[in-house]
Amino acid sequence: MTHPIFRKDIFIGTPFEIRFQAMLRSTLYKRSWHLIVADPGAGKTMGIRELVRTIGSPTILAVVAPKNNEDESALGNQLWSALGLSLRGHWSNRKPKLMGHLHQYGTQCLIVDDAHDLEFQHLLFIKELTDQGRLQYDHPLGLCLVAAGRGDTIPLKETLYQPDPTWLQFRRRLDKLEPFCKIPGHTSEEVREILAALETVYCEVLPQLNLRQWSSSIYTWLTQLALDPTNSGRVTMDNLMTLVTAALEWSYEAKATDVLAEMLEKAASLLVLHRDTLKLIDGAGPSTEAPQAIPSEQGNGSKTKPETKPEREVAQADHDPHNTETVITVEEQVQMKPEQEMGEENVRAETKREAGSLVQSGKMPKCTFPGLVEISLKRFQDSDTQLVECPGCGRTRTLTPAKGILRLKPHEKRKVNTPNTEKRWVKGEPDWDMVGGE
C-alpha cells in the first residue's frame, strides 16, 4: 500500500518561494502594482495560498482569473465570495458596494492568479474598482497579477500597451521601477537544497534516505529539452516533485530504506523520454503492485553505477555521506536524450535493429496483446501524439493518419532460424493499419 505522505501537498520554503513571496509582501506593504510572471508548475499557486494563510484574509484577497467568461461580474463575484459575502441580488446593485466592503474589511492587496486568462472587461473592472477606492475612501490597493509564461514573454502586454487613454492610466498605476517581474526556477545548487529538505520530510518512510547524492543527475534530467523548452537551465518544483515522489513511492513499496537508483531512472525515463508517448491501457488497467528491484552483482540493481566507480565524477565529497553528489556519466546522458533530438527515423531504425537482434537470438518476448484498439481519426488529428506504446510488448510505433479509423493489427507469426538450425515460430513486431484501408 502507498503511504499517505506521498499524497499530501507539502509546502517547502524553496528558493523560488522565497523570491516569489518576497515580491508579494513588497506589493502588500507598498500598495504597488506588478505583473509577475513565472514558469508553469513553478509553485505560484501554492506560494499564494501559503502567504494568505500566514498573513490572513481579507488583508490579502486572492482569486483566480475567470476562464471563458469575459463579463466583469465573473471577477467581481469571486472577490465578493472571497470576502465571505452572499451573492444574493443583481450584480448591478452589488457592484457599487464592493469597494466599500473591501475598505470595511481592511483589504490591502489583491492577487489575481492565472492572470494570463484575464479579459479586456476584467482589467477595466480592476481599474474602476481601485479608482473608486482612491476617490471615495482614500484607500489604495496593491495589485499583483500573477501569470504563467515561458522565456521572456509578458502576458497581457499587448492589451496594456494599447494607445487608448484608459490603458495609459492603467500603465501609470504600475510600479515605476518594477512593473513586470520574472521569477525564475531553481538552479543546480538550489535543487540540492530542496533535496536536502525532502530528505527530512520523507525520512519517516525511508529512514536512510539520501537524495543529495543524485542531485546532479536529477538536475540533468529535468533540464532536458522536453521539460525546459527555452533552455533556461532552471528546474520547476512540479517536475522535481513528480520525479522524486514517484521514485520514493516505488522504493517504499519495494521495502527499501533509501531511494533505489533504478526507480529514479525509471521515473526520469517516463517523465522525459516517454512524455509524449500514447500508452494504451487495456484489460484490468494499471497494476497497483510495487516495481521490484532488479538484483545485480554489486547489490545495486541499476544501470547507474555507484559514485565510487572510476567513470563517475564526484562533485563534492567529505566524511558525511549525505554530502556526496553523484554526477551522471556522458553515456547515461546519451541514453536519457529525448527522442525528438535523436530524430524519429533514427528511433525507428534503432528499434528495428534491437528487435532483429532479439529475434535472431531467440529472446524476443512474446506479446500477449490480442485485441484491437480503435482510435478515431479526428481524435488522432486533434492530438500531438506521434508515438504509441503497445500494452503487451511495450514497443513504440509511429502513427500515420488515413481514412477510417486506426487500429493495432494482431501480431503475425513468422518463421526464423535459431542458432541450432531448428525452425520455430515466434511473434513478430506489431504494426499499425487502417480499417477500410489497403
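Evaluating residue 159 against the criteria (1) part of a helix (DSSP H, G or I); (2) surrounded by 15 or more Cβ atoms within 10 Å (Cβ to Cβ); (3) under 31 Å from the mean Cα position of the chain (by Cα); (4) not basic (Lys, Arg) leaves one unmet condition, (2). Given the structure, is residue 42 in a loop (DSSP other than H, G, I, E, B), within 27 Å of the chain's Cα centre (by Cα) and of a type outside the set (S, T, N, Q)? The answer is yes for residue 42. The number of residues in the stretch 89-120 being under 31 Å from the mean Cα position of the chain (by Cα) and assigned to a helix (DSSP H, G or I) comes to 4. Counting just the residues of the stretch 57-88 that are closer than 29 Å to residue 42 by Cβ and among the polar types (S, T, N, Q), which one comes out nearest to the chain's Cα centre (by Cα)? By that ranking, first place goes to 68.
When you go through 12, 48, 5 one by one, which is the residue that is assigned to a helix (DSSP H, G or I), more than 20 Å from residue 153 (Cβ to Cβ) and modelled with pLDDT under 95? None of the others qualify; the one that does is 5. Among residues that are closer than 21 Å to residue 43 by Cβ and either modelled with pLDDT of 95 or more or of a type outside the set (A, V, I, L, M) (or both), residue 192 is included. Residue count for the stretch 1-41 under the criterion of being within 30 Å of residue 249 (Cβ to Cβ) and in contact with a His (Cβ under 9 Å, 6 or more places away or on another chain): the result is 3.
The residues of the stretch 1-39 that are basic (Lys, Arg) and touching a residue at least 60 places away in the same chain (Cβ under 8 Å), listed by number, are 19, 30, 31. Here the condition is being in contact with a Pro (Cβ under 9 Å, 6 or more places away or on another chain) and either assigned to a loop (DSSP other than H, G, I, E, B) or among the hydrophobic types (A, V, I, L, M, F, W, C) (or both); of 151, 133, it holds for 151 alone.
Which residue, of 102, 87, is modelled with pLDDT of 95 or more and farther than 19 Å from residue 148 by Cβ?
On the way: 87 fails: modelled with pLDDT of 95 or more.
Result of the check over 102, 87: 102.
Residue 207 meets the conditions (1) under 22 Å from residue 2 (Cβ atoms); (2) modelled with pLDDT of 90 or more; (3) part of a loop (DSSP other than H, G, I, E, B); (4) in contact with a Leu (Cβ under 8 Å, 6 or more places away or on another chain) in every case but one. The failed one is (4).
Sort out for me the helices (runs of 4 or more DSSP H) sitting completely within the stretch 212-275 that have 1 or more residues that are hydroxyl-bearing (Ser, Thr, Tyr) and crowded, with 22+ Cβ neighbours inside 10 Å.
215-222, 237-253
Only one of the listed residues (145, 168, 124) is touching a strand residue (DSSP E or B) at 6+ places or on another chain (Cβ under 9 Å) and either within 30 Å of residue 94 (Cβ to Cβ) or loosely packed, with under 15 Cβ neighbours inside 10 Å (or both). That residue is 145.
Scanning the stretch 182-203 for residues that are out of contact with any Phe, Trp or Tyr (no Cβ under 7 Å at 6 or more places or on another chain) and outside any helix (DSSP H, G or I) yields 182, 184, 187, 202, 203.
Would you check if there is a residue in the stretch 71-87 being in the same structural domain as residue 107 (by TED's automatic domain parsing), farther than 27 Å from residue 238 by Cα, touching a Phe, Trp or Tyr at 6+ places or on another chain (Cβ under 6 Å) and polar (S, T, N, Q)? Within the stretch 71-87, one or more residues are in the same structural domain as residue 107 (by TED's automatic domain parsing), farther than 27 Å from residue 238 by Cα, touching a Phe, Trp or Tyr at 6+ places or on another chain (Cβ under 6 Å) and polar (S, T, N, Q). Out of 65, 42, one residue alone is crowded, with 19+ Cβ neighbours inside 10 Å, more than 28 Å from residue 187 (Cβ to Cβ) and not hydroxyl-bearing (Ser, Thr, Tyr). It is 65. Mind checking whether some residue in the stretch 175-183 is on the phi > 0 side of the Ramachandran plot and surrounded by 17 or more Cβ atoms within 10 Å (Cβ to Cβ)? No, because not a single residue in the stretch 175-183 is on the phi > 0 side of the Ramachandran plot and surrounded by 17 or more Cβ atoms within 10 Å (Cβ to Cβ).
The values are calculated or read from the model by the stated rules, or taken from the named source; none is laboratory data. Keep in mind that what you see is a predicted model, and the values were worked out from it rather than measured. Note that each Cβ is placed from the backbone with ideal geometry, even for glycine, and that neighbours are counted across all protein chains shown.
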